[in-house]
Structure formats: C-alpha cells, structure tokens
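These notes concern the structure reproduced below.
The values are calculated or read from the model by the stated rules, or taken from the named source; none is laboratory data. Given the structure is predicted, the values throughout are model-derived calculations rather than measurements. Quick reminder, even Gly has a Cβ in these numbers, built from the backbone with ideal geometry, and neighbours come from all protein chains shown. Keep in mind that these areas ignore ligands, DNA and RNA; they rest on the heavy atoms of the full protein, side chains included. Shrake-Rupley method; radii C 1.70, N 1.55, O 1.52, S 1.80 Å.
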Amino acid sequence: MATEQDKILEEVTRGEYKYGFYTDIEMDSLPKGLNEDVIREISKRKGEPEFMLEFRLEAYRNWLKMKTPNWAHLNIPEIDFQNIIYYAAPKSKPKLNSMDEVDPELKATFDKLGIPLEEQKQLAGVAVDAVMDSVSVKTTFRETLAEKGIIFCSISEAIREYPDLVKKHIGSVVPPNDNYFAALNSAVFSDGSFVYIPRGVRCPVELSTYFRINARDTGQFERTLIIAEDDSYVSYLEGCTAPMRDENQLHAAIVEIVAMERAEVKYSTVQNWYPGDKDGKGGIYNFVTKRGLCKGDYSKISWTQVETGSAITWKYPSCVLMGDHSTGEFYSVALTNNHQQADTGTKMIHLGKNTKSLVVSKGISAGKSQNSYRGLVKVSKRAENARNFSQCDSLLLGDKCGAHTFPYLEINNNTAKVEHEATTSKIGEDQIFTATSVELIPKMRLASSLTDM
Amino acid sequence: MLSIKNLHVKIDDKEILRGIDLKVKPGEVHAIMGPNGSGKSTLASVLAGNEMFEVSEGEVLFNGHDILDMAPEDRAREGLFLSFQYPVEIPGVSMVNFLRTSLNEIRKYRGQDPISASDFLKLMREKKKAG
Amino acid sequence: MDNVIKNIIGRDVTLDGLFEENRSLIEGNSSSVMNALRSDAFEAFRRLGIPSNKVEDYKYTNLQPLFSGDYSLSLTPDTLVENVEDIFSCDVDTLDSITIFIVNGWYYARNKPDGLPDGVRIGSLAQLAKEDPSFLEKYYGKNAPYLSDGIVAMNTMFASDGFYIHIPRGVTVEKPIQIVNILMSEEPLMTNQRNLIVLEENSEARVMVCDHTLTSDKFVINNVTEGFVDRNARLDFYNLQNQHNATTQVAGFYIEQKEDSHVKTNNLTLHTGVGRNNITLKLAGTHAEGHTYGLYLLDKNQHVDNFSFIDHAVPDCFSDELFKGVLDDHATGAFTGKIMVRPDAQKTNAYQSNNNLLLTKDAKINTKPQLEIYADDVKCSHGATVGQLDEEAMFYLRTRGINREEATILLMYAFAYEVIEKIQVEPLREQIRTLVEKRFRGELDKCHSCVVCGQKGTGVSCM
C-alpha cells in the first residue's frame, strides 16, 4: 500500500509532462494585441448577435479600468496583454457534418492526447466537446442527447442557435466586471461548452470538454455555461493540456453554472496545463473564475478538481447558495512541483435558509513550489441554519516548497454552525495523511486515466 | 401517577408516535420494549420535554398535572427524571457545581432555602457513605 | 495624505501635521534613543497612514474613522493632584503583587514598586531613556514593526513614556508584577504608550496589565509593548481589558523569544468599545515555546479584533494558540491567527484554535486562521468554529431542573472555562472566574471593578 502510494506520488510529482507536443496545423489568427476593433472582429468572425458584442465591449471597457489582483499568495510576473493573440482557430471547413470532415491533423492530435473524437471509439457513457485554441473542434454524441432535449454544444454555436437562453444566463453568475480576469474573458472569450438540461431530465452520459492550447502566443479564454432546469441532473468533466513552450501562455476562463429547483450539477476538472520546465521556464498562467448558483430550493452543485498543471493557478470554484436547502460541495486535490505556484480554494456564500456546504481540500507541494488554499465561508444575515464544514490538509514533500492555508469565515447569523479544520504535515508523519492518501489515489487515477484515455 | 392518553408526536412533520396510552401507578415499574426506531426514546424525550418534538394530539398527566405545557425544568422539579442513554459531558462545569445548582433550583421550586456550598459538600459526603 | 485624521483638538489638522507641530515638544520631553526612530517612523506613517480595512491585516477593523475626531493628545505627564492609590485600591486581598500605575500613558510619578529582588528594575521608559540609553537602545524598536504597520509607526512617532521591566539573569520574581493602566481626562484623549519588558537568561516573571477607564470621556489608545525573553527565561503575560464603550484601544505586543524560553500571553477582554490586539510571538531560538490565549466576551456594540502572528523562525519550536469568544447583542468579533513557519524551521509544532458562540441574530464574527509554511517536517493545525450553545446539553441541564437562563450561563461559562484555566496565577484565575460568571449574569458593571483594582467613589456609571 505504502509503496504504491509512493509510486503514484513519485509519478505525479516527478513525471515528465507527457502532453507537451505541438501540432503543426494551419491557423486562422488575428494579429496580436487587444482593442475594441479586435473584439468587434472576434464577434464578427463568430457571427454573434448584437447583444453579445455589446456584452463584450462593456466588459472590455470595465477591464481597462481594473487592476491585476495582487492579494493571492502568488508571484505573478507582469503580463503584456498586447503581446497575446486573442483569436486563433484551426483552419477548417466552416461546419462539420461528419468525422470525415475533421482535419486529420486535428484528429490525430486528440487521438494522441487520448481523446477519441470518433463515436464508435468513444468510451461508453462520455460525450466529448473538444476545444483547440479558440474554437470547438467537435462535439460527440449530440444526437443521442438531443433526443432528451439536452443541448450540448460549443458556446459559439449556442450564441447563434439559442440566443435567448444564452442572453438570459450569461454573466448572471459571474458578472462581466466580477474581477480583472473575468472582465478580460467576458471581452474576448473564444469558445467553450454550453450545456442545457431541461426540466426533469437526468443526463444519461457524462459530458466532457477537452481543452487544448496549441498555437504559440495565444491566450485561451474559454467560457462554459451550464444550465440545469428543475429536477435535472448532469455530471460534467473538463480536461486540459498544452504544448511545452519556453514562453508563458495565458489562460483565463469562466465557468458559470445555474441550478434550478432540485437540480444537481457535478463539475469535475482535471487541470493538466503545461506547468513549465524544472527551472520554472514556460508554463500556463491559469486565471479562472468558476462559480455555480444554486438558484432553486434543494439544488446542489458539486465541484471536484484535480489540479496538477499550470505555472500559476488562480482559481476558486464557488457556490452561491441562494435557494433554501441548497447544497454546495468542493473537493480539491492540488499538486505542485518545481516552480509551480497555486492559489486555489473555494467560496461558499450562504444566502438561503437551511443551506449546507462541504469543503475538502488536499494540497501537496514538492520541489520549489508554493501551494495555497484560500477559501471563504460567508453566512449572510438571512441565512438561517446554515451549516459548513471545511477540512484543508497540506502535505509537504521537501524543504524548499511551501504550503499555506488562508480561510476566511464571515458569519452574520447566529444559527450558523461552521467548522474549519486544517493540518499541515510531512508525508508519512501523521495518520491524517494515511486517510488522505486513500482518498487521493482514486482521484489521481482519475487524473491519469483521463489523460491516458 | 402518570397517565398518557392518545399521545401523537411529530418531528419535522413526520409522525413518530401514533396514539400511545399508558397508565403508571405509584410503585409500579414498567419496561417498554420494542425494535429500534419504534419510538421508545422519543416517548421518553417527549415526557421530559424535549422541544425537538411536537405533540400533535393527546395528553400527559403527572400527579394530576398536565405537563405538556411545562418547561423541561419544571417537569424535572415536579419529580420526573429522564436518565440519558448517553449523558452529555460539559467540560468546565464541575460535578459538584452542577449538582448543587440542580438541587438548589429544585429546592427553590419547592419553596425551600438554597443549600450552601459547604452544607452541600457535607451532604455529598453523607450520601457517598450511605451509598 | 487623506488617510490620517482631521479635526484633532477642534481644528482641521492631520496626524502628521500634529506631529510636526509638536515634534520639538515631544523630542524635548524625550531623549536621543527614542528620538532617533521618529524620522523613519514619521516617513513610514506618511506612506502607510492609519490602517483601513483595505489593509489585509486590518480587513475586519477599519481604524481610520476611530482615529479621527476631536481629541487632545497626551503629550506631557499628568500632574495628578490626588494620590492614585486613593482612587484605586486593590480588590483582591489574596493577590500579593508589585503594583505600578500608568496614568494616560505616563508612568505615575509616585509609583514605588517595593520588595523587588536584587537587580530587578521597574520604572518609567522615559526615565530609562535618559538614565540608561545604551540599555534601551539594544531593544527599542527592534521587535515592533514601525516601518510596516502604520499604527506602530504612529506610536513610534509620538511615544514618550510607558513602563519598562528589566529582570536580570537568573532572577525569579515571585510576586506578580501588576501594571494598572488608568485613563482619566476632562476631555477626549489620545495616548501613545510605549512599554518594554526584558527578561534575561534564566529569569522568570509574571506580568499583568490591567486597562481601565476612569472618566466617561472618549479615549483612543495606541499602545505598543516590546518584549525580549532570553534563553531559558519564562514570561507569563496577562492583559485584562475592562474599559467603557467609548474606548478605542489598539494594543500591540511584540515579543521575541530565545532558546528554551517559555512565553504565555492571555488577552482577556471583559469590556471595551473597540479593541484591537496585535500579538506577535517570534520564536527565534530553538526549543522555544509560545502560548497565546484569549477570551472575548462582548455585548452591546462592542467590537474586538484579535490578530495574532506566531513566527516560527528557527527549528524545534512549539506554539499553541486558543482564542474563544462569546458575542451577544450587536457585538462583532474578529480573529486572525497567522502561523508562519520559515524555511528550515523544521520540527515545528504549531497548533491553533478559535471558537465562537453567537448569542443573537445581530452578533457577527469573522475569523481568519492562517498557516503559511515553508518547511516540510512540521506538524501544524488550525481550527475555527462558529456555533451556538449545544441544544442537547441545554436539554440535559433542564431535565435536571435547571432553568434555561441558568443553564445558558452554565454553558457559556463552560465554554469560556478552557481559556480561564490557562491562567496560572491562582488568585487571578479565581478572580477572573468570578468576573466571567458575573459578566454572563449581566451583573458586571464595568465600573464595578477592575479585575484587581476596585474603583472608589467616582460615581461614573457604566456606558
């Protein structure tokens, strides 16, 4: 048991990055730099309705007034936003009708990543939306899902095909001016997934999006919107990789989830962006705003994340528990090595009555990395009988790394019961971690099985 | 001495006791048996006055008084005693202090003077010997 | 800069303006060691200002509005006509202590600390600066972060007096040393008191600081205490706060510990207006042990923010921290517990816990336990809870004939007990125990009694 554990840890912390190759594919890109014209051009190329352009421009104007957040326990080098390409799409036919129309190079890329786009090769029970650089390449299983009224497509397509649904919900959970990176994303977002589960429908398969950054000097700004109507259920999985490059690349994504009455959404992430080399050169800067709104009574949103990649991670998947009796959950395993820096955690905002939240976070730091948990549990004045339990454990492998915990508990209602516990220790030292490791291994397996699929 | 008539009890709108009748005369010992979840603990808790439960119907008379509207402490002062399956531990409250507070509350209820700390200790020692 | 106060003494003047105006008076009353830091502190203050809630470490207590308004500054020693012992007398007969008074931040001239063991010095910091500058220079400004924290910068700008305690090598002071901080003024008053505690190798002392307001005027207090605890020395430090509601007190305790030293601090807030404690323990010698405890019992509109920073700078140290709070009425509380384990501070054991009881709908608590760890062979943990009285325990007590009110007091007392039992000076522990119970019964008029000192015949009512 212990040796297997060690092996897995060894593998995960010291293993070379397996997904660092680059696909030579003809790209259709906009020149570097950001201004209103670039945003207009992005919107135009995507054939968006007017409201979307307005949304983008307003976000951009807000962004210009905002500052890079500096409160995280991160050393963020200055980012030259004019030196980034904001739109890059693999050149291909405008609409894909069958697998044969997918560029063979592209198909090969995803095959190499272990993400088969052909449906017959598909793992049972998973529908995949593959996103490369700025655009969605292929969404599988669509027809099967459509029979149940489920919409699973790229967000670009959703904007064109279901503008009313998008208009109603986009920005409703993460407002365009929420924070610096959210504003940037709202201005320039390229593609991402859109999920709509109608009332009373349980999505029969796992929905999955695979994000791949390929082109040089390109930022990836994907945007995901998941809407679960009353009494529905969906489980969603996200994976990501990028080529190895000496330059840093920017990734600033937004995920919004809306769960209506009694709806349940499970969102899992395996984040394996290129973390940079052993000396800290290159790697992805990952600035992500993920937030779920438990809008209806008895709704539930659950975040699971396995974070192993990126040079810098800045990410706090959160739940706004607005509906009475709603539940938020956050399970996280964050692993950092070499010069990686991660500042990640969650926010649980209790607004409704009898709301519950659970936070379980495990951080592992190795090499010269810095790994921080940052979390907020807020119980508003009207949130009667709120319950929260948070457990954050950190593990250190080596004496050059750091593990930090920054929880914030803001309690404004006397019927709340809130508990936070955190421990930090050396591997193998404490019983706490024998238990932790048992939980860890399946999650790591999940991580590796996803990327080796 | 204790008379329970058609007692109905709910918790969160779920009915647990559906019309219990029981008469206990002075000197009698009654054992209530039943499978898990049949409501034995609920009955005991309701008699002691646990506010988690809602009495929807029925009456309970103890020495002729209707006790259902009484606070748990008043029922205790009347002489009703619930022995806890898992007694609650309250760190920082000493046994002696707790017993004395309890005794004095009951004495006050009966119109007796409170017992002083030293008299109480004496009483404790006597009882211990007697036991 | 606009982040400094206006309207001091009825005029539109900023704190830095006020400092510049009074600089020659302050420096004239003081001496070179203290004056040497004023320029740097002033520069830092102009940069930092009074901390607002935008400063992360002051997120839950915005000091800016509290430090503005009409106040006079306590820049010269008070010329008390009355004998301070006539105003106060010790309430606890069993507590045989060495007692000194500080009036409005100044060492009371008629203090006569008797019965001190050989070599032990207790006295006025201003006097020390004049009479033994080379001693003070070794310590002054060495622990307090006057270049990075605006409030400490302010204290260092204005600091004139306070107490100092010097326990030489190998000496144990058996009797507790009791410092009674008295505030009394005919007009709203702002004070900047500066204190120093030095324990040399193998020495031992217990120090109690009792904060007391005597007149009903508003007070703004900015205290800084620096402590140096050398190899194998032992300091027990208690701070008892019992002030009226119109008081704002920022109290900074910055203590550095050497090898095998042992420090225990206990901040007990029974009553105040707005209180902010900055408690820093720097574990700078191996096998040093630091304990920080605190209890805050708040009601009305009181606000108390305990900010602690336990800095494990070297290997093999131990720290333990426990803060508990009971919040009633509209009271708000905040707690930050920052544990830092520096690179190479291996074999660190650090524990921390913060528990809160909210008694009413309007009471609030913000708690922020933090671990910042740069060494791998460590055991650290923190925990924080917010909750109510245990309903099951309540029911149990009631089935034993104890009514709800009495049971509530018993349970609150039980909650607070864990901190009270850490007090090692027994008469003090007993006194606190009684006071806490009275406090929970609503019988404690803050003017009724300071913990160790009764107040006679001033007729001031509790606010």
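So the values come out like this:
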{"quantity": "Members of region A:375-400 found to be assigned to a loop (DSSP other than H, G, I, E, B) and either facing chain C (nearest Cβ under 7 Å) or touching a His at 6+ places or on another chain (Cβ under 7 Å) (or both), listed by number", "calculated": "A:Ser380, A:Ala383, A:Ala386, A:Gly398, A:Asp399"}
{"quantity": "Among (1) more than 7 Å from every other protein chain (Cβ to nearest Cβ); (2) open to solvent by 10 Å² or more (accessible area, probe 1.4 Å); (3) at pLDDT 90 or above - the single one C:Asn356 does not satisfy", "calculated": "(2)"}
{"quantity": "Residue that is surrounded by 16 or more Cβ atoms within 10 Å (Cβ to Cβ) and at pLDDT 80 or above, where the choices are A:Leu9, A:Leu64, A:Leu34, A:Leu30", "calculated": "A:Leu34"}
{"quantity": "Criterion (under 17 Å from the mean Cα position of the chain (by Cα) and within 14 Å of another protein chain (Cβ to nearest Cβ)) met by exactly one of B:Val55, B:Val46", "calculated": "B:Val46"}
{"quantity": "Filtered residues of region C:376-410 (kept if farther than 24 Å from A:Ser390 by Cβ and in contact with a strand residue (DSSP E or B) (Cβ under 9 Å, 6 or more places away or on another chain))", "calculated": "C:Asp377"}
{"quantity": "Unmet requirement for C:Pro369, which otherwise passes all of (1) buried (at least 22 other Cβ atoms within 10 Å of the Cβ); (2) out of contact with any Gly (no Cβ under 6 Å at 6 or more places or on another chain)", "calculated": "(2)"}
{"quantity": "Residue within region C:416-423 that is at the interface with chain B (Cβ under 7 Å from one of its Cβ atoms), closer than 27 Å to B:Gln85 by Cβ, out of contact with any Ser or Thr (no Cβ under 9 Å at 6 or more places or on another chain) and buried (at least 21 other Cβ atoms within 10 Å of the Cβ) present", "calculated": "no"}
{"quantity": "Matching residues, region A:247-268, being closer than 28 Å to A:Asp230 by Cβ and in contact with a Phe, Trp or Tyr (Cβ under 8 Å, 6 or more places away or on another chain)", "calculated": "A:Ala253, A:Ile254, A:Val255, A:Ile257, A:Glu261, A:Arg262, A:Ala263, A:Glu264, A:Val265, A:Lys266, A:Tyr267, A:Ser268"}
{"quantity": "Which numbered condition A:Ser190 misses (of (1) buried (at least 23 other Cβ atoms within 10 Å of the Cβ); (2) at pLDDT 85 or above)", "calculated": "(2)"}
{"quantity": "Tally of residues being open to solvent by 70 Å² or more (accessible area, probe 1.4 Å) and farther than 28 Å from C:Glu392 by Cα across region B:79-117", "calculated": "2"}
{"quantity": "Residues of region C:238-287 satisfying the condition of being assigned to a loop (DSSP other than H, G, I, E, B) and surrounded by fewer than 24 Cβ atoms within 10 Å (Cβ to Cβ)", "calculated": "C:His244, C:Asn245, C:Ala246, C:Lys258, C:Glu259, C:Asp260, C:Gly273, C:Ala284, C:Gly285, C:Thr286, C:His287"}
{"quantity": "Single match in B:Pro26, B:Pro91, B:Pro35, B:Pro72 (criterion: away from every other protein chain (no Cβ under 14 Å) and either within 30 Å of B:Phe120 (Cα to Cα) or touching a residue at least 60 places away in the same chain (Cβ under 8 Å) (or both))", "calculated": "B:Pro26"}
{"quantity": "Answer residue from region C:315-353, given it is among the acidic types (Asp, Glu) and closer than 17 Å to C:Thr286 by Cα and is nearest to the other protein chains (Cβ to nearest Cβ) among those", "calculated": "C:Asp344"}
{"quantity": "From A:Lys368, A:Lys356, residue being open to solvent by 10 Å² or more (accessible area, probe 1.4 Å) and at pLDDT 90 or above", "calculated": "A:Lys356"}
{"quantity": "C:Gly150 buried (at least 21 other Cβ atoms within 10 Å of the Cβ), in contact with a helix residue (DSSP H, G or I) (Cβ under 8 Å, 6 or more places away or on another chain) and at positive phi", "calculated": "no"}
{"quantity": "Options A:Asp217, A:Asp178; residue that is open to solvent by 10 Å² or more (accessible area, probe 1.4 Å) and at pLDDT below 85", "calculated": "A:Asp217"}
{"quantity": "Cross-chain or 6+ apart pairs with Cβ under 6 Å, region C:311-327 first and part of a strand (DSSP E or B), then charged (D, E, K, R)", "calculated": "C:Asp311/C:Lys282; C:Phe318/C:Glu289"}
{"quantity": "One residue from B:Arg75, B:Arg107 being under 13 Å from C:Ile402 (Cα atoms) and in contact with a strand residue (DSSP E or B) (Cβ under 9 Å, 6 or more places away or on another chain)", "calculated": "B:Arg75"}
{"quantity": "Selection status of A:Gly363, more than 10 Å from chain C (Cβ to nearest Cβ), crowded, with 24+ Cβ neighbours inside 10 Å, modelled with pLDDT under 90 and in contact with a Phe, Trp or Tyr (Cβ under 8 Å, 6 or more places away or on another chain)", "calculated": "yes"}
{"quantity": "Residue in region A:291-308 that is farthest from A:Leu351 (Cα to Cα), counting only those that are open to solvent by 10 Å² or more (accessible area, probe 1.4 Å) and assigned to a loop (DSSP other than H, G, I, E, B)", "calculated": "A:Thr308"}
{"quantity": "Hey, C:Ser39 over 16 Å from C:Lys130 (Cβ atoms), hydroxyl-bearing (Ser, Thr, Tyr) and modelled with pLDDT of 90 or more or not", "calculated": "yes"}
{"quantity": "Verdict on B:Ser41 being open to solvent by 40 Å² or more (accessible area, probe 1.4 Å) and away from chain C (no Cβ under 12 Å)", "calculated": "yes"}
{"quantity": "Which numbered condition C:Ala233 misses (of (1) in contact with a Leu (Cβ under 7 Å, 6 or more places away or on another chain); (2) surrounded by fewer than 24 Cβ atoms within 10 Å (Cβ to Cβ); (3) over 30 Å from C:Asn301 (Cβ atoms))", "calculated": "(2)"}
{"quantity": "Region C:373-401, residues that are more than 13 Å from chain A (Cβ to nearest Cβ), open to solvent by less than 20 Å² (accessible area, probe 1.4 Å) and part of a loop (DSSP other than H, G, I, E, B)", "calculated": "C:Thr399, C:Gly401"}
{"quantity": "Residue satisfying all of: in region C:314-329; over 23 Å from the mean Cα position of the chain (by Cα) and not β-branched (Val, Ile, Thr); least open to solvent (accessible area, probe 1.4 Å) among these", "calculated": "C:Cys317"}
{"quantity": "Check on C:Thr292, at negative phi and facing chain A (nearest Cβ under 10 Å)", "calculated": "no"}
{"quantity": "Test: residue in region C:144-151 that is among the acidic types (Asp, Glu) and touching a strand residue (DSSP E or B) at 6+ places or on another chain (Cβ under 6 Å)", "calculated": "no"}
